[in-house]
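The next block holds one structure in the form of structure tokens; read it before the comments.
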Amino acid sequence: MQGIVRSGLWLGFFATILGAWWTMYAMSTSMGLDLLGRPGAMAQAMQGMDPRMDMAMPMARFGPLFAMWAIMMAAMMLPTLVPTLRSYEDLMVSADGTRGGWLGVSLGYFLVWVSFAAAIAALQLGLLFAGWIDMLGIATSRGLSAALLIAVGAFQFSRAKAVCHGVCHAPTLFFLGHWRRGCAGGLRMGLGLGAFCVGCCWGFMVLGFVGGFMNLAWMGLATLFMVLEKLPQLGHLVMKPLGGALIAAGVALAMGPI
């Protein structure tokens, strides 16, 4: 019976991820974008819209933007939770963990990222009405794109990144130091883990304003790097090289031909 419950929870977890990616694909194609975020005629028309004149457009209103970012958080961040949930399962017998606690960890983690979705949706609206990004959420100047790449790359070398990554990279240590029983305890631990995860990965989300947040190839690549950073044997090997690559890309973009 326990095996059936475990299998059902994991199947539901992965079904949620697949459903979120499918929804993102459906939203992207409905906006006239291909998998690389390249705009068709309809999307090009949206890019040229003035948000102050076209506030009825979904991308110029908080509600649709928040819903889009919340779905994106499920698609991009739930895959990065797999090593953490596996660590929780390893401790279930020795530390009196439960399937309710497993669900609590998942829910707490996702609630933090939903809160982040609200914050970045508000940021997107602010940047849109300031004219710094277009209606598709892409930076309107090469200078802003270069600055974002360099800033996120530099953050990869920071002490804050190292601390947050240390928790995400070794969730077992976090569980041992903050263990709480039951669903409520799992929820509390999930909230803590989610906060550290936001501190570790916020930059990859912000880079959506460079490559396009509806560019599924770009956001899929960001998801891949976030997953790699959290793998126990690999995470610490990719963090700084990735930061160097982002800085180099930002410098190249800033110094490229006008």
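Throughout, read-outs are computed from the coordinates displayed, never taken from laboratory work. Every value quoted in this text rests on a predicted model; they were computed, and no experiment measured them. So basically every Cβ, Gly included, is an ideal-geometry build from the backbone, and we count neighbours across all protein chains shown.
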* Structure fact -> Here the FRET efficiency for A245 versus R86, based on Cβ atoms and R0 = 30 Å and rounded to 0.05, is 0.60
* Using 0.36 nm per residue of separation minus the Cα-Cα distance, give me the extension gain between A154 and A95 in nm, one decimal. => 17.4 nm
* Asked: Pick the calculated percent of Cα pairs over 29 Å apart for this structure from (i) 18; (ii) 40; (iii) 34?
  -> (iii)
* Structure fact -> Here, F14 and L224, labelled 7 Å along Cα→Cβ, have an inter-label distance in nm of 2.0 nm
* To do: For every helix of n ≥ 4 consecutive DSSP H residues, a contribution of -39,500 (n - 2.57) applies; sum these over the chain, divide by its total residues, and give [θ] at 222 nm rounded to the nearest 500 deg cm²/dmol.
  => -24500 deg cm²/dmol
* Asked: Just how large is the dipole of the chain about the Cα centre, in debye to the nearest 20, putting +1 at every Lys and Arg Cβ and -1 at every Asp and Glu Cβ?
  -> 460 debye
* **Theoretical gain in end-to-end length, L237 to F129 [0.36 nm per residue, Cα-Cα removed]** => 34.9 nm
